[in-house]
Amino acid sequence: MDENHGMRTLRLLTPILAAAWLALASSAAIGQSLPRFGAPDPHVKASLIAATDAAVPGQPLQVGLRLVHDKDWHTYWQVPGDSGLPTRIDWQLPAGMTAGPIEWPYPHRLPAGPLVNYGYDGDTLLLTTVQVPANLQPGTPVTLNGKAEWLECKDVCIPGSADVTLTLPVKSEANPSTQAALFTQARKLVPAALPGLTARSTIEADRIRLALDLPADRKAESLEFFPLEEARIEPAAAQVLNRRDGVSLYLTAAKPVKADAKSLAGVVVANGGPAKPGGWAAVVEAPLVAGVVSAPGTAAVGANAPTMSLVAALGAAFIGGLILNLMPCVFPVLSLKLIGLAQHRTHSGPMAAHGIAFAVGVILSFVLLAGLLIALQQAGSALGWGFQLQTPWVVASLTVLFFVIGLNLLGVFEFTFGSGLGNTRAADALVGKSDWRGSFGTGVLAVIVASPCTAPFMSAALGYAITQPAAIALSVFAMLGVGMAAPYLLLTLFPVLLAKLPRPGRWMELFKQFMAFPMFATCVWLMWVLAQQVDAGGVALALGVLVAVAFALWAVGLTQRGSTLFRWVALVGAVLAALTFAPLAMTEAGSSAKSSSSAGWIDYSPEKLAQLTGEGKVVFVDFTAAWCVTCQVNKRVALNTDKVVSRFAAEGIVRMKADWTNRDARITKALAEFGRNGVPLYVLYDASGKPTVLPEILTEGTILAALDRVKLASR
Amino acid sequence: MKLAAVLVAAVAASSSPVQAAAVPGQPAPDFRAADVNGRAVSLADFRGKTVVLEWNNPNCPFVQKHYTSGNMQSLQQRNTGSGVVWLAINSTTDSHSDYMAPAKLATWFADQKATPTAILMDTGGEIGRAYGAKVTPHMYVIDPKGTVIYAGAIDDKRTANPADVKTATNYVAAALADTRAGKPVASATSSAYGCTIKY
């Protein structure tokens with residue numbers, strides 16, 4: 001860190017600095033202004049220069065205070081940020097001459113531990129325009145005097161000052177001075193209003209969104225905002241750029257929030273500023289109105305967590321993908337894949353192909369899903385992750401799919417393609433396409449069933465992705481896929497590891513048959529989800545489809561064993577299944593959805609929540625969905641245990657349930673405000689209305705500890 | 001270019017910003033810390049009294065401004081004399097060259113003839129972060145009910161020049177006078193100035 005850098009040198013310097021300060025202090029005590037800092041060497045050298053070689057009566061004279069900083073030392077901008085002081089010039093000018101304010105170049109962010117300041121390092125020119133009176137007589141030179149004062153800082157700060165002076169001849173005409181080039185360069189760095197640039201800003205609590213409409217010839221790949229007033233935005237808070245529709249920069253207001261502010265003025269610096277190719281800077285003054293500012297994708301609101309960077313998001317997505325493998329709705333499918341791997345273990349060649357095909361299947365599916373999600377999001381649908389399971393026909397189709405897989409595992413019929421083949425077929429598959437197709441299919445299937453399981457890390461990454469340009473969103477999703485596929489890819493690329501797996505044998509056939517039961521269990525869960533979305537008739541229809549499908553597949557199986565007679569029976573079964581399915585496909589979700597709020601829970605609404613927190617009530621909100629397995633597990637092991645329930649009751653905490661089983665735009669929006677795009681999400685609002693986000697996997701302990709903290713805070 | 005910006009953002013995000021803050025009108029975050037004599041001091045001990053928090057770093061020219069001019073000492077003396085609790089807090093991390101060990105810090109205060117109620121070591125920076133203290137001297141006033149009534153600078157002359165003390169409006173003195181008179185504090189916030197706290 002910066003703090004430790006050069007620490008040893010500083011230790012040596014400390015006595016010298018202390019002595020210097022003592023000198024400074026004693027001279028200051030007699031009421032003198034600060035002397036120029038003598039020892040050690042000043043870290044900033046100041047001089048006064050002019051753009052022209054003479055002053056011309058009646059014409060503005062461009063002068064500048066040049067500050068040359070030693071390496072690692074800096075001085076401050078007009079608004080210095082968390083600490084620091086702006087550089088000042090007190091002018092003593094000949095009669096009739098007046099100096100304008102400093103025309104500040106755009107500043108840089110200067111992090112100091114957890115704080116951020118705004119300022120300059122290197123070679124900086126602070127421009128000032130001096131008005132030269134028209135009645136000045138050419139011939140007699142003029143002398144401009146100024147006392148410059150600044151604060152120079154590295155990891156220690158020293159007030160600096162210098163008496164600067166500049167004598168120029170007075171002529172009727174002037175030529176560029178030897179330093180004119182410095183002025184040309186410096187002028188480019190001074191931001192001004194940009195024609196065609198309009199800005200407006202919205203504030204909600206301490207969240208500010210600055211929305212910019214850029215002129216056609218300007219781009220903003222990156223954007224920084226520097227406030228022109230102090231105590232308006234939190235300098236150290238991450239600024240998040242969202243370029244989904246237009247250009248929006250998310251800022252954090254300084255506390256206490258100035259509620260009466262009507263505008264937000266500042267300098268925006270794009271693409272690294274005018275010093276960089278494609279970079280620019282401009283002064284903006286945006287009207288500020290109260291409104292809704294959803295979080296741009298923060299990991300956790302209550303914890304003051306910094307906004308996720310791309311690197312962190314990709315990392316989290318990878319880990320989330322890994323964890324997905326262990327989720328109850330994914331594991332059975334992947335166990336199937338493992339059986340496949342074990343079957344092919346003697347052939348190391350195609351195994352890598354298996355792994356790669358599987359990985360490609362997983363990654364492509366994630367990217368496709370993300371693409372679809374982005375497309376839908378942009379179409380304005382209030383949809384979120386897991387949305388596939390909010391449509392009854394999708395749930396019913398998945399039920400049929402899992403049922404079919406179960407029947408296949410039990411041996412009712414054989415897939416005549418794919419990886420579920422016996423050992424003999426696998427040898428043939430060495431060169432065949434069917435093998436990698438099967439692996440690819442397993443990958444795709446794994447993703448489809450994984451979608452409702454928003455594992456820890458995953459939803460934060462998703463929330464991040466959804467606020468980003470499509471390319472970043474897609475790469476985050478692809479990373480989820482990489483994480484999910486990684487263990488399998490590893491096993492296939494390093495078959496040595498596979499040697500640790502047991503040898504093939506009869507156990508495999510039995511295990512394969514046994515795996516049918518997790519499939520059927522999944523069907524039960526899906527039917528339960530469906531039951532939340534449609535009425536009893538709908539459920540009966542879905543079960544009817546399963547019977548017809550079972551009948552058809554039984555016939556298929558017999559046909560495969562040589563009884564050609566059953567071919568037409570299979571066809572009849574298939575037609576029956578399709579006919580039964582048709583009315584189900586037309587059922588809209590929620591047409592007869594039941595309110596499933598259980599005892600002690602009230603249904604979520606933003607108004608009700610605002611009212612309760614306004615009354616100083618502690619509120620726990622459970623964002624959940626019937627199809628979210630993690631949610632159900634949390635309910636069992638943590639939310640509905642006697643200990644937790646009695647604690648909620650004893651402290652009069654209001655429990656709210658936001659049920660996202662069916663599409664609900666208001667819940668989708670509430671999730672987005674926490675940077676989330678899926679459930680579960682648990683939020684505890686304390687008496688002052690401040691939200692704390694709890695982890696996605698709950699235990700009794702986590703809840704009780706969170707309640708303790710809230711109790712402590714409200715005391 | 002873009003990648004570099006992302007990496008910079010990642011690094012910036014990895015050190016969590018000081019964003020928690022003690023805001024006037026809200027309860028003051030409680031804390032417990034050892035003073036320079038190793039005695040445990042907690043804010044809750046002083047419920048019922050007005051408390052002033054002064055963020056201190058003897059090596060900071062802005063802190064020196066208020067000590068060499070005698071400004072801070074006279075504020076401390078006048079107010080602790082009338083029952084106000086004055087806590088000087090040093091949040092400098094021990095790996096920074098500005099760090100002073102408790103005994104050394106105590107000696108510095110004694111040499112300055114300063115009379116805070118206690119001098120607290122916040123080497124880990126927990127109290128500083130909880131209050132959102134950013135500079136030395138960053139000043140807070142807490143009323144007897146434990147509510148923050150002032151947060152910000154010591155005065156309105158944002159310089160390191162001790163001579164400016166005489167002409168400055170002292171916000172802390174004003175806040176203490178207002179609360180003593182039973183009035184709400186007229187200016188409850190200001191932008192603190194000084195040296196960055198070495199967290």
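Odds and ends about this structure:
- Taking the criterion of being in a helix (DSSP H, G or I) and charged (D, E, K, R), the residues of segment A:605-624 that qualify are A:E607, A:K608.
- Summed over segment A:70-97, residues that are touching a Ser or Thr at 6+ places or on another chain (Cβ under 7 Å) and small (G, A, S) total 1.
- Residue within segment B:179-188 that is touching a Gly at 6+ places or on another chain (Cβ under 9 Å) and within 25 Å of A:C157 (Cα to Cα) present: no
- Residues being at pLDDT below 85, more than 14 Å from chain B (Cβ to nearest Cβ) and at positive phi are represented in segment A:240-261 by at least one member.
- Unique match (being at pLDDT 80 or above and closer than 30 Å to A:W554 by Cβ) among A:V575, A:V645, A:V618: A:V575
- Per-region count, segment B:28-80, residues of a type in the set (S, T, Y), closer than 25 Å to A:L151 by Cβ and in contact with a Ser or Thr (Cβ under 9 Å, 6 or more places away or on another chain): 1
- Taking the criterion of being surrounded by fewer than 23 Cβ atoms within 10 Å (Cβ to Cβ), touching a strand residue (DSSP E or B) at 6+ places or on another chain (Cβ under 6 Å) and assigned to a loop (DSSP other than H, G, I, E, B), the residues of segment B:117-143 that qualify are B:T117, B:D143.
- Filtered by the rule that a residue be out of contact with any Lys or Arg (no Cβ under 8 Å at 6 or more places or on another chain) and surrounded by 24 or more Cβ atoms within 10 Å (Cβ to Cβ), segment A:82-103 gives A:G84, A:T87.
- Among the criteria (1) within 20 Å of B:A153 (Cα to Cα); (2) at pLDDT below 95; (3) surrounded by fewer than 20 Cβ atoms within 10 Å (Cβ to Cβ), the one B:Q73 does not fulfil is (2).
- The condition of being at pLDDT 95 or above, within 14 Å of chain A (Cβ to nearest Cβ) and under 15 Å from the mean Cα position of the chain (by Cα) holds for B:Y140.
- No other residue among A:G279, A:G272 is more than 23 Å from A:A375 (Cα to Cα), within 14 Å of chain B (Cβ to nearest Cβ) and at pLDDT 90 or above apart from A:G279.
- Residue among A:L694, A:L612 that alone is closer than 28 Å to B:A28 by Cβ, surrounded by 20 or more Cβ atoms within 10 Å (Cβ to Cβ) and either in contact with a strand residue (DSSP E or B) (Cβ under 6 Å, 6 or more places away or on another chain) or not hydrophobic (A, V, I, L, M, F, W, C) (or both): A:L694
- Residue satisfying all of: in segment B:171-199; within 10 Å of another protein chain (Cβ to nearest Cβ), under 17 Å from B:L75 (Cβ atoms) and among the small types (G, A, S); surrounded by the most Cβ atoms within 10 Å (Cβ to Cβ) among these: B:G194
- Filter result for A:T143 (over 30 Å from A:K71 (Cβ atoms) and polar (S, T, N, Q)): yes
- The set of residues from segment A:118-140 being in a strand (DSSP E or B) and not hydrophobic (A, V, I, L, M, F, W, C) comprises A:Y118, A:G119, A:Y120, A:D123, A:T124, A:T128, A:T129, A:Q131.
- Residues satisfying the stated conditions in segment A:154-188, i.e. among the β-branched types (V, I, T) and within 14 Å of chain B (Cβ to nearest Cβ): A:V156, A:I158
- All conditions but one from (1) at pLDDT 90 or above; (2) within 14 Å of chain B (Cβ to nearest Cβ) apply to A:F226; the one that does not is (2).
- Within segment B:73-99, being within 14 Å of chain A (Cβ to nearest Cβ) and in contact with a strand residue (DSSP E or B) (Cβ under 7 Å, 6 or more places away or on another chain) holds for one residue alone: B:S91.
- From the options A:K643, A:K669, residue that is surrounded by fewer than 22 Cβ atoms within 10 Å (Cβ to Cβ), part of a helix (DSSP H, G or I) and either on the phi > 0 side of the Ramachandran plot or within 23 Å of the chain's Cα centre (by Cα) (or both): A:K669
- Matching residues, segment B:45-70, being among the small types (G, A, S) and either crowded, with 17+ Cβ neighbours inside 10 Å or part of a helix (DSSP H, G or I) (or both): B:S69
- When the residues of segment A:289-325 are filtered to those that are within 14 Å of another protein chain (Cβ to nearest Cβ) and assigned to a strand (DSSP E or B), the one that is modelled with the highest pLDDT is A:T307.
- Of the strands (runs of 3 or more DSSP E) entirely within segment A:155-215, those holding at least 3 residues that are in contact with a helix residue (DSSP H, G or I) (Cβ under 7 Å, 6 or more places away or on another chain) occupy A:157-168.
- The criterion of being more than 14 Å from chain B (Cβ to nearest Cβ), free of Cβ contacts under 8 Å to residues at least 60 places away in the same chain and assigned to a strand (DSSP E or B) holds for A:T143.
- Options B:A103, B:A151, B:A88, B:A168; residue that is hydrophobic (A, V, I, L, M, F, W, C) and surrounded by fewer than 16 Cβ atoms within 10 Å (Cβ to Cβ): B:A103
The values are calculated or read from the model by the stated rules, or taken from the named source; none is laboratory data. Keep in mind the model is a prediction, meaning the values are calculated, not measured. Glycine also receives a Cβ, built like all others from the backbone with ideal geometry; neighbour counts cover every protein chain displayed.
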